[in-house]
Amino acid sequence: MCRNIRVLHNFEPPATTDEVQAAALQYVRKVSGAAKPSTANQAAFDKAVAAVAAATQELLDALVTSAPPKDREVEAEKARARAAERYGR
């Protein structure tokens, strides 16, 4: 869907409010087709971001898993290695 939205579940430490908010913002931008809404649409845009962030946090709080939590640094290094392989850097 949107490449900038990252997995937020099962990390140690858990996803922060800022990460949830950023994912919600990216989702609303993608769905609306607008990186920055017009003044006329700003209230609707902000309301949608808040609703998506709340739903995302509710989902993350309700999910359970038996898998051990992933380490953010280890996952980031794996992503960098995949990018280096893909783009030849």
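Each row is one residue, and each column tells you yes or no for (1) touching a residue at least 40 places away in the same chain (Cβ under 8 Å); (2) not polar (S, T, N, Q).
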site: Ala34; (1), (2): no, yes
site: Ser38; (1), (2): no, no
site: Ala43; (1), (2): no, yes
site: Lys47; (1), (2): no, yes
site: Ala54; (1), (2): no, yes
site: Asp71; (1), (2): yes, yes
site: Glu75; (1), (2): yes, yes
Inset, instruction - Quickly run through segment 67-82 and pick out the residues that are open to solvent by less than 60 Å² (accessible area, probe 1.4 Å) and either in contact with a Lys or Arg (Cβ under 7 Å, 6 or more places away or on another chain) or closer than 15 Å to Glu12 by Cβ (or both). - result: Ala67, Glu75, Ala76
Inset, instruction - Tell me which of these Val64 doesn't satisfy, since it passes every other one: (1) among the hydrophobic types (A, V, I, L, M, F, W, C); (2) in contact with a helix residue (DSSP H, G or I) (Cβ under 8 Å, 6 or more places away or on another chain); (3) open to solvent by 100 Å² or more (accessible area, probe 1.4 Å). - result: (2)
Inset, instruction - Restrict the check to segment 24-31 and report whether at least one residue is within 15 Å of the chain's Cα centre (by Cα) and not in a helix (DSSP H, G or I). - result: no
Inset, instruction - Within segment 9-23, track down each residue that is under 12 Å from the mean Cα position of the chain (by Cα) and assigned to a loop (DSSP other than H, G, I, E, B). - result: His9, Ala15, Thr16
Inset, instruction - Could you tell me which residue of segment 1-46 is modelled with the lowest pLDDT, considering only residues that are closer than 28 Å to Asp71 by Cα and of a type in the set (S, T, N, Q)? - result: Asn4
Inset, instruction - Just give me the residues in segment 9-51 being of a type in the set (Gly, Ala, Ser), more than 25 Å from Ala62 (Cα to Cα) and surrounded by 11 or more Cβ atoms within 10 Å (Cβ to Cβ), in sequence order. - result: Ser32, Ala34, Ala44
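To keep it simple, each residue is scored yes or no on (1) modelled with pLDDT of 95 or more; (2) in a loop (DSSP other than H, G, I, E, B); (3) within 15 Å of Glu19 (Cα to Cα).
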{"residue": "Ala48", "(1), (2), (3)": "yes, no, no"}
{"residue": "Val52", "(1), (2), (3)": "yes, no, yes"}
{"residue": "Thr56", "(1), (2), (3)": "yes, no, yes"}
{"residue": "Pro68", "(1), (2), (3)": "no, yes, no"}
{"residue": "Glu73", "(1), (2), (3)": "no, no, no"}
{"residue": "Ala79", "(1), (2), (3)": "no, no, no"}
{"residue": "Ala83", "(1), (2), (3)": "no, no, no"}
{"residue": "Arg89", "(1), (2), (3)": "no, yes, no"}
Legend entry - Residue list for segment 32-46, restricted to those being in contact with a Phe, Trp or Tyr (Cβ under 8 Å, 6 or more places away or on another chain) and outside any helix (DSSP H, G or I): Ala34, Pro37
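The values are calculated or read from the model by the stated rules, or taken from the named source; none is laboratory data. Since the model is a prediction, treat every value here as computed from it, not as a measurement. Cβ sites come from the backbone with ideal geometry, for glycine too, and all protein chains shown count toward neighbours. When the accessible area is computed, the model is the full protein with side chains, heavy atoms only, and any ligands, DNA or RNA have been set aside. Shrake-Rupley method; radii C 1.70, N 1.55, O 1.52, S 1.80 Å.
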